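> This is the structure, below, for whatever I ask next.
The values are calculated or read from the model by the stated rules, or taken from the named source; none is laboratory data. As the structure is a computational prediction, the values presented were derived from the model and not from experiment. Note that each Cβ is placed from the backbone with ideal geometry, even for glycine, and that neighbours are counted across all protein chains shown. Note: areas computed on protein heavy atoms with side chains; ligands, DNA, RNA excluded. Shrake-Rupley method; radii C 1.70, N 1.55, O 1.52, S 1.80 Å.
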Amino acid sequence: MTDIALQTRGLGVKYGNFHALAEVDLQIRRNSVHSIIGPNGACKTTLFHALTGRVRASSGRIELDGRDITDTSDDDRVRLGIARSFQVTSLFPNLALRENLRLAAQGRTPWQALAPWRRAEANAEALAIADEVIERLALAPVSNRLAGELSHGQQRRLEVGMAMAARPRVILLDEPTSGMGIDDIEAMKQLIRDLGRDHTVLFIEHNMGIVMNISDMVTVMRLGRKLVEGPPAQVRDDPEVQRAYLGNMITGDIA
Amino acid sequence: MNPLDKPYAQLALAVLAVLVLPLFLKSGILATEILIFAMVVAACNLLLGYTGLLSFGQGIFFGIGTYAAGICLTRWQIPVPVVLASAAVLGAATATLVGWLSIRRQGVYFVMLTLAFSQLFYFVAYTFSGVTGGDNGLLGVPRPSVGGTALNAPWSYYTYVAVCFVAVFAILVMVTQSTFGRTLLAIRENEGRAAAIGFPTKLFKLEAFAISGAVTAFGGALHAMLIGVAPLSNIEYHTSELILIMTIIGGSSSLFGSVLGAGFYLLLADALSTVWPRWLLLLGLVLVTVALFLQRGLWGLVERGYDLVFRRERAPETPAEEH
């Protein structure tokens, strides 16, 4: 096995005639926390769509642990070990929180779920994973409530939990702190840092405090292309990044 | 969750319905028809309520089952259990084909595709009158016999259908309670997310179609034996519409709601048609009422009634603490 968990070469995505992504080369090291930053419209989410298979790459290739997954469908990629959370919360609102996580855990072995005689509770492993994630996200008091009835902060945590429950090798988090209160943000920061121990974490974030503090590597994107890449301190001080593209967006201090 | 929605409660209600119908109805034919449509409507509910698929193709599967019984029983004297089983298999196969082509599109386009297939199969049945009897249908479909005696008396055939109904209903309850059924609910709720967590959603929809088609064709075969004819009208678009209307009136959140929907429609039609030839107009008003005020259908009404009687004294649930 190589040291690189996820890699893209010359990745491009087209929406009609619009080149959303072009020639993106990424190398995500195993068990690292790698963040993607860039102004709105940099097509960071499109990059995630391409990596998870929701959108097909129009050029280039994507490799997971050295294996070409460019033409693999999105649900197959989950089984290979890629899971994601969404920028806009995407849950099963009329199902209980615990059921949301049980489904996410079951998603790793979906063929089992095709048997119309097998009871959901028979998959003890999925239930155990769901409970473990609930514990880790401190959502136990609300685990039987409908996902749609949770507070925004709880929904955002559950959103990340949905990705965790798939036990992925690579976990992609799309703006996990968007709309969160200050206390919740601190907890999320801890969580992402912890996730980096067991998983490879790739995350999109606007909160520079988090990015600069917990990332091993930062990639700056602009208009669908990679601009600069490097460790946080280097990216923060890069005059080109500061002057030309982000201005005073980088305000977070390295603790 | 309302205790009436629990699987055993649903099954108990279905058994109760089977026992109660003979006490209140004079016509064994009508009672049998209610049970047949009850299972067919419950199968439609599997698609509409559990998977979120509004299928206008249910009449195709019903008609396929009708013709399977008609052809097998009038030409080859095949034993009835074998006929019922092959009707179910044929229904599942047809539903898989129709579903496989239709689920490629979503929303309105999906509905239009099932509608188009419904018309297509009707004209196929109409055109190949050598096989289907065309406008006349296939006449002289015999009743099944148990222990050497044909079940020609209405209530003895009712018993036969009742056993089938309870078995089919139990299977459908099992399906909706299984990990498969719960994945269907997830797909209905948010298909994009269901795919993102790893479920091949098309395959799940296809399986739901196959199960629904099998049950519907099974019901179609029982219907042919009930009326002694395999009529062209069973594969008509109108049958699809009828099944959908019953599903919506009954309420799509519970399987027993479908039994209520079928019973309500057929009893109302029976009562109104003797009063006024334009009874379909009144039925339209009932549908408007359901669509405007009873979106959870008759089952929603039952749930509300239950809450009113048994839960009035209970305090509202306290919100769990956030921390």
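> Condition first: in contact with a Cys (Cβ under 9 Å, 6 or more places away or on another chain) and of a type outside the set (Val, Ile, Thr). Can you find one or more residues in the range A:213-221 that meet it?
yes
> Here is a follow-up. Taking the range A:93-135 on its own, how many of its residues are more than 7 Å from chain B (Cβ to nearest Cβ), assigned to a loop (DSSP other than H, G, I, E, B) and either over 16 Å from A:Ala163 (Cα atoms) or open to solvent by 70 Å² or more (accessible area, probe 1.4 Å) (or both)?
Here the count works out to 1.
> On to the next question. Just checking, does the range B:126-140 include any residue being buried (at least 19 other Cβ atoms within 10 Å of the Cβ), farther than 22 Å from B:Ile243 by Cα and without any contact (Cβ under 8 Å) to a residue 12 or more places away in the chain?
No, the range B:126-140 contains no residue that is buried (at least 19 other Cβ atoms within 10 Å of the Cβ), farther than 22 Å from B:Ile243 by Cα and without any contact (Cβ under 8 Å) to a residue 12 or more places away in the chain.
> Still on this structure: Filter the range A:136-168 down to the residues that are at the interface with another protein chain (Cβ under 9 Å from one of its Cβ atoms), over 15 Å from A:Ala96 (Cβ atoms) and surrounded by fewer than 21 Cβ atoms within 10 Å (Cβ to Cβ) and list them by number.
A:Ala138, A:Ser151, A:Gly153
> Given the conditions (1) open to solvent by 40 Å² or more (accessible area, probe 1.4 Å); (2) farther than 22 Å from B:Lys6 by Cα, and given that B:Tyr157 satisfies all but one, which numbered condition is not satisfied?
(1)
> Still on this structure: Taking into account only those residues within the range A:59-75 that are open to solvent by less than 60 Å² (accessible area, probe 1.4 Å) and not in a loop (DSSP other than H, G, I, E, B), which is farthest from the other protein chains (Cβ to nearest Cβ)?
Step by step, filter the range A:59-75, then rank; the result is A:Ser59.
> Among the residues of the range A:25-58 satisfying the criterion of being part of a strand (DSSP E or B) and charged (D, E, K, R), which is surrounded by the most Cβ atoms within 10 Å (Cβ to Cβ)?
A:Arg29
> Would you mind telling me which numbered condition in (1) in contact (Cβ under 8 Å) with a residue 60 or more places away in the chain; (2) closer than 11 Å to B:Leu54 by Cα; (3) open to solvent by 60 Å² or more (accessible area, probe 1.4 Å) B:Leu115 fails?
All conditions pass for B:Leu115, except number (3).
One line per residue, one yes/no per condition, for (1) farther than 30 Å from A:Leu80 by Cβ; (2) at pLDDT 85 or above; (3) loosely packed, with under 14 Cβ neighbours inside 10 Å:
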{"residue": "A:Met188", "(1), (2), (3)": "no, yes, no"}
{"residue": "A:Val211", "(1), (2), (3)": "no, yes, no"}
{"residue": "A:Glu229", "(1), (2), (3)": "no, yes, no"}
{"residue": "A:Gln234", "(1), (2), (3)": "yes, yes, yes"}
{"residue": "A:Ala244", "(1), (2), (3)": "yes, no, yes"}
{"residue": "A:Met249", "(1), (2), (3)": "yes, no, no"}
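> Shifting gears a bit: With respect to the numbered conditions (1) in contact (Cβ under 8 Å) with a residue 12 or more places away in the chain; (2) under 24 Å from A:Ala122 (Cβ atoms), which one is the sole condition not fulfilled by B:Ile197?
It is condition (1) that B:Ile197 fails.
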